[in-house]
Amino acid sequence: MADATNQEEGENSLDQAALELGIGGKLSPDKDDLSYKKRMSQRQKIQKQRVNSRQKEKGLILVFTGNGKGKTTAALGLALRTLGHGEKVAIVQFIKGSWEPGEAKAFEKFGDSLEFHALGEGFTWNTQDRERDASLVANAWEKSLDFLKRKEHKLVILDEINIALKLGYLSLDQVLIGLGERPPLKHVVLTGRGAPKELIDIADLVTEMSLVHHPFKEQGIKAQKGIEF
């Protein structure tokens, strides 16, 4: 316990030192190139120590939420990165599925390394059938559970699962239990607006996308290939 405390204090000390040294650039307070080089040399040394002090590995829970655009895009970026390292990826889309997105076509090139399942039929105002929506979500969750438990997929993306939770088609308890059944080094991404607090609390990484401007709302721009789908 004491060793863990000392390690945490050391990491915090390194983080503070890095913050004080800054990241350089034109706004650095150094008056000449020599002092700037010295500062950046110190920062380089601290940064190496920071990286070397973090040696733990674990399967991460990552949540991308918020009202801004980019949640699924961020998740798919992780999929591409994971595939680039030769690992397998599984993607389950809970709400989407009424159209074929560009990413589904692109991911076909990865063959058996990626399993992509769009198991919804679109927004609630399009489907207009709560019982069918609930059944589709249940099927998507069963598929997700299978991927979470299996060892071969390094990354599992549960796209728009937060919306399924928000609409009451899934219970938070069953999702939390499912997350706990995955192998130790498996990463899982959960996307969608309105991520519940309990999920945010257990997540290792949470990013909230903020809406600043949106072309559909503000300019009447339709959904376009490569941007929305």
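Quick notes on this structure:
- Single unsatisfied condition, D129 versus (1) buried (at least 16 other Cβ atoms within 10 Å of the Cβ); (2) at pLDDT below 85; (3) charged (D, E, K, R): (1)
- Only one entry of G22, G86 meets the criterion of being small (G, A, S) and closer than 27 Å to E152 by Cα, and that entry is G86.
- Residue check, L185 under 17 Å from I61 (Cβ atoms) and in a loop (DSSP other than H, G, I, E, B): yes
- Of the residues screened, E57 is not one that is under 21 Å from the mean Cα position of the chain (by Cα), in contact (Cβ under 8 Å) with a residue 60 or more places away in the chain and within 23 Å of D112 (Cβ to Cβ).
- Candidate set: region 1-39, residues that are among the hydrophobic types (A, V, I, L, M, F, W, C) and either surrounded by 12 or more Cβ atoms within 10 Å (Cβ to Cβ) or assigned to a loop (DSSP other than H, G, I, E, B) (or both); chosen: the one modelled with the lowest pLDDT: M1
- Hits in region 194-227 (condition: assigned to a loop (DSSP other than H, G, I, E, B), touching a residue at least 40 places away in the same chain (Cβ under 8 Å) and surrounded by fewer than 16 Cβ atoms within 10 Å (Cβ to Cβ)): G194, D204, S210, L211, V212, H214, K225, G226
- Of all residues making up region 50-109, the number that are assigned to a helix (DSSP H, G or I) and aromatic (F, W, Y): 1
- Counted residues, region 149-177 - those being surrounded by fewer than 16 Cβ atoms within 10 Å (Cβ to Cβ) and either on the phi > 0 side of the Ramachandran plot or of a type in the set (F, W, Y) (or both): 1
The values are calculated or read from the model by the stated rules, or taken from the named source; none is laboratory data. Keep in mind that what you see is a predicted model, and the values were worked out from it rather than measured. Cβ: placed from backbone, ideal geometry, glycine included. Neighbour counts: every protein chain shown.
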